[in-house]
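FYI, it's all coordinate maths here, none of it is from the lab. These numbers were taken from a predicted model, which means no experiment stands behind them. Here Cβ is always computed from backbone atoms with ideal geometry, including for glycine, and neighbour counts include all displayed protein chains.
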Amino acid sequence: MQFGASTWLWTSPFTSDQVELLEKIAGMGFDFVEFPVEDPEHYAVDELRPVLRDLGLDAVVCTAVVGERDLSAEDPAIRRKALDYFGSCLKLAEGLESEVLVGPLYAPVAKPRLSTEALRQAEWERSVASLTELSRTAGEHGVRLGLEPLNRFETDMVCTVADAQRMLADVHSPHLGIALDSFHMNIEETDFRDAVRQCGDQLVHVQVSDSHRGVPGEGNSDWAGLREGLRSVGYDGKLSIESFSPDASSLAEAVCIWRRFAPSQDEFARRGIAFLRDWWAHI
């Protein structure tokens, strides 16, 4: 297992010149860094790649699916704009040698719920068609997509592993898998172990915080069940801490982070990585 941290834990947005943050992440003993792409223009692959190599850090690229980055939109121009954004993210992932591109790719966070089942089905079908095209593009870049279920307060489309698998079945692409986030699982799944087992080899990435989006191990998440599930499916890939700094105001408002979970974000990360390494080593 490799353990990483999202730059969202400290800052929003991340830009390529924030080398000191990458040095800090490496110095804390993380194996990789997760890059959320708020704007693809913030990233310069030729600048970042040698820095990561010198620090011994791998990369995972995460999408920021907000606003008109909407593969389910009725307006084809909006869907094309979203595909262009995801295409830029795929180029970034390929350039940084990230094996996956993850996030709620199907629709933006906090999209409005549609009023009838017929409208919701049409929205689902547009998302499936868009994801089918995006999956082909991902294959061309040698990157696998990870579809992230969100909790009911952030989406009405894909909230559980079962929802994600229904979408994967409709898209039917080897380039599309599932990315789990323990925060959302804690709200939507009844059993962490069973949810992970249900994913099986479709699981391509894991993000964690605790039940309150705080330091891993300091809430009421089912850590034993998560560990048992991951071991049962033979997952030994990447697992990242994803939370947010209350000082990054735009993200703090979007995800409702109003209080601190540690005296500093550095302390959050140190306690988190210490817990995760001990947790995974437990027999």
**Complete:** Helix-only [θ] at 222 nm, the chain, -39500 (n - 2.57) per DSSP H run of 4+, per residue, nearest 500, equals -14000 deg cm²/dmol
**Complete:** Expressed to two decimals, region 27-114 has a Cα Rg over Rh, using the Kirkwood radius, of 1.05
**Prompt:** How much net charge surrounds P13 when only the other residues with a Cβ under 11 Å from the Cβ of P13 are counted, with Lys and Arg +1 and Asp and Glu -1?
**Reply:** -3
**Prompt:** Which residue fluctuates the most in the chain, going by a Gaussian network model with Cα springs under 10 Å, if the choices are A107, A262, A64?
**Reply:** A262
**Request:** For semi-axes √(5λ) of the Cα gyration tensor in Å, several values are listed as (1) 39, 20, 19; (2) 27, 22, 18; (3) 41, 33, 15; flag the one computed from this structure.
**Result:** (2)
**Item:** Relative contact order (%) - criterion: Cα under 8 Å, at least six apart; region: region 102-169
**Value:** 41 percent
**Complete:** Subtracting the Cα-Cα distance of L119 and L55 from 0.36 nm times their residue separation yields 18.1 nm
**Message:** Under 8 Å for C-alpha pairs, at least 6 residues apart: give me the relative contact order for region 177-283, rounded to a whole percent.
**Reply:** 26 percent
**Request:** Excluding residues on the same chain fewer than 8 positions from K81, give the lysines whose Cα lies under 30 Å from its Cα.
**Result:** K91, K111, K238
**Request:** Name the most mobile residue of F268, F153, F35, meaning the one with the largest mean-square fluctuation, in a Gaussian network model of the chain with Cα contacts below 10 Å.
**Result:** F153
**Item:** Two-decimal ratio, region 154-205, of alpha-carbon radius of gyration to 2.2 N^0.38 Å
**Value:** 1.07
**Prompt:** Out of C256, C62, C199, any idea which swings most in a Gaussian network model of the chain, alpha carbons joined below 10 Å?
**Reply:** C256
**Request:** Count the DSSP beta bridges whose two residues both fall in the chain, then state the antiparallel fraction as a percent rounded to the nearest 5.
**Result:** 0 percent
**Request:** Just grab the label-to-label distance for T132 and H282, each label 7 Å out from Cα along the Cβ direction, in nm (one decimal).
**Result:** 4.5 nm
**Item:** Projected label distance in nm at E253 and M28, using a 7 Å step from Cα toward the beta-carbon
**Value:** 2.6 nm
**Asked** Among I187, I25, which comes first, then next, by fewest other beta-carbon atoms within 10 Å?
**Response** I187, I25
**Prompt:** How do H212, H282 rank when sorted from fewest to most other Cβ atoms within 10 Å of their own Cβ?
**Reply:** H282, H212
**region 2-281, relative contact order in percent, only Cα pairs under 8 angstrom and at least six apart counted** = 18 percent
